[in-house]
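Visitor: Here it is: the structure, laid out below.
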């Protein structure tokens, strides 16, 4: 099945595909290959969850566990449609978003740039709070985005769901980012449980009305971001997971209900593509913006124990630069173009690689003045493992909440198999061989001083180029107030 899919891809994309590996080494302004005019152009649907953990998917190892005493620790999570995406497409196990927080992560996807370069380090909020944190109020609409580039290339573009790239009366409207049709589908907390259904409804309607033209759709879900209040109907399949004592809802019951509801609407989108005969011409991508929220937060306490532990083998949660905060699911399904049932555990892909990769597959030329931090990874989507030519880098100027084991240093770089974390003052220097130590528990910095020197130099030089701004006093700290200390 895999060989057939690769062959189908090569046949469909023609000689242009053979040049992808070479073109990805060229300057970013030319890192594009034009699709043959005789072929129908590819469509793209990007399903982006909010605060979903790497191990929140059955296809990522989320399996039922029964304790030796007989009680359920975690049960079978029903997500047959995401499982279907995995069986009909490819799982990339080493996908990294551009930040461990919402707005900067989404900025990296849309622009292909490290969000720290744009001064976006945390979620975009009110003007007062943005100013306090030294951040702009929105992503500059003059910066090319994946939607604006594809729109200029003839695509119909849409964005349904969460935005979080700017807010307030002075913030640019989505149209200024090359988006033809937009709806945030959130009309107050009371309608939140139905937001995923509304987003899917609008997505399906857009597919229906643009079936004969190339289209690109952001399907950016609010779920499973807190707070979560699934309906009785959504809770019903997991009623047996309610607490044995008291009248409260169970953490697993709430969490699983929301994830299964997401899955149901993913299935509706896939079914629509199948019904219209568009599946083999549409890349459907499933991912999340960052790792799960800490279960300590008051707005997650009713389900946090079910979510914040779902980072699989990784330490780190939302806001952390350890793997659990920035390593996310990335499933790509396009029958005939992506190998079916394939797992790529070698290729490292970053959120900043999204724009140049999608534009390449669409045959859309990048603006000459755009120099993405990402690179074209289209050959990997076709089933050919490849190595990145440029490192991924992160900066976090704010604290990480929760257990101290999740509290990472401020800076991180992933280059090849190696990941270095450190603070700008050269404290907390940590080096990990990620393929062999994905848990980041064996710091080998002392064993490889030359490697530490090279990576730290690259990281610190990069940080010097970033816009200046305030640093939270607890950024990069894993301090714990031991008894007897003057706290």
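Visitor: Can we say residue 298 is closer than 27 Å to residue 476 by Cα and surrounded by fewer than 24 Cβ atoms within 10 Å (Cβ to Cβ)?
Guide: For residue 298, the condition - closer than 27 Å to residue 476 by Cα and surrounded by fewer than 24 Cβ atoms within 10 Å (Cβ to Cβ) - is met.
Visitor: Taking residue 401, is it closer than 22 Å to residue 55 by Cα, under 23 Å from the mean Cα position of the chain (by Cα) and modelled with pLDDT under 95?
Guide: Yes, satisfied.
Visitor: Take the range 205-221 and flag every residue that is touching a helix residue (DSSP H, G or I) at 6+ places or on another chain (Cβ under 9 Å) and buried (at least 21 other Cβ atoms within 10 Å of the Cβ).
Guide: 207, 214, 215, 216, 217, 218, 219, 220, 221
Visitor: Select from the range 141-157 the residues that are touching a strand residue (DSSP E or B) at 6+ places or on another chain (Cβ under 9 Å) and more than 16 Å from residue 111 (Cα to Cα) and list them in ascending order.
Guide: 155, 156
Visitor: Another question, if that's okay. Could you say which residue among 417, 425, 437, 433 is within 21 Å of the chain's Cα centre (by Cα) and either under 26 Å from residue 292 (Cβ atoms) or not assigned by TED's automatic domain parsing to the domain that holds residue 134 (or both)?
Guide: 417
Visitor: Another question, if that's okay. So is residue 243 crowded, with 22+ Cβ neighbours inside 10 Å, in a loop (DSSP other than H, G, I, E, B) and without any contact (Cβ under 8 Å) to a residue 60 or more places away in the chain or not?
Guide: No, not satisfied.
Visitor: Report whether or not residue 113 is touching a strand residue (DSSP E or B) at 6+ places or on another chain (Cβ under 9 Å), over 16 Å from residue 471 (Cα atoms) and not in a helix (DSSP H, G or I).
Guide: Taking the combined requirement at face value, the residue does not satisfy it.
A quick yes/no check of all residues on (1) at pLDDT 95 or above; (2) more than 24 Å from the chain's Cα centre (by Cα); (3) farther than 18 Å from residue 305 by Cα:
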residue: 240; (1), (2), (3): no, yes, no
residue: 243; (1), (2), (3): no, yes, no
residue: 250; (1), (2), (3): no, yes, no
residue: 259; (1), (2), (3): yes, no, no
residue: 264; (1), (2), (3): yes, no, yes
residue: 267; (1), (2), (3): yes, no, yes
residue: 270; (1), (2), (3): yes, no, yes
residue: 279; (1), (2), (3): yes, no, yes
residue: 282; (1), (2), (3): yes, no, yes
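Visitor: Also, I was wondering about something else. Can you find a residue that is in the same structural domain as residue 49 (by TED's automatic domain parsing), within 18 Å of residue 111 (Cβ to Cβ), outside any helix (DSSP H, G or I) and touching a residue at least 40 places away in the same chain (Cβ under 8 Å) anywhere in the range 173-196?
Guide: No, because not a single residue in the range 173-196 is in the same structural domain as residue 49 (by TED's automatic domain parsing), within 18 Å of residue 111 (Cβ to Cβ), outside any helix (DSSP H, G or I) and touching a residue at least 40 places away in the same chain (Cβ under 8 Å).
Visitor: I've got another one for you. For the range 40-52, check the following and say yes or no: at least one residue is at pLDDT 50 or above, exposed (fewer than 14 other Cβ atoms within 10 Å of the Cβ), touching a helix residue (DSSP H, G or I) at 6+ places or on another chain (Cβ under 7 Å) and not in a helix (DSSP H, G or I).
Guide: Checked the range 40-52: at least one residue is at pLDDT 50 or above, exposed (fewer than 14 other Cβ atoms within 10 Å of the Cβ), touching a helix residue (DSSP H, G or I) at 6+ places or on another chain (Cβ under 7 Å) and not in a helix (DSSP H, G or I).
Visitor: Would you mind telling me which numbered condition in (1) under 19 Å from the mean Cα position of the chain (by Cα); (2) surrounded by fewer than 23 Cβ atoms within 10 Å (Cβ to Cβ); (3) more than 27 Å from residue 216 (Cα to Cα) residue 388 fails?
Guide: The single condition residue 388 does not satisfy is (3).
The values are calculated or read from the model by the stated rules, or taken from the named source; none is laboratory data. Just so it is clear, the structure is predicted and the values come from calculations on it, not from any experiment. Every residue, glycine as well, gets a Cβ built from its backbone with ideal geometry; the counts of neighbours run over all protein chains shown.
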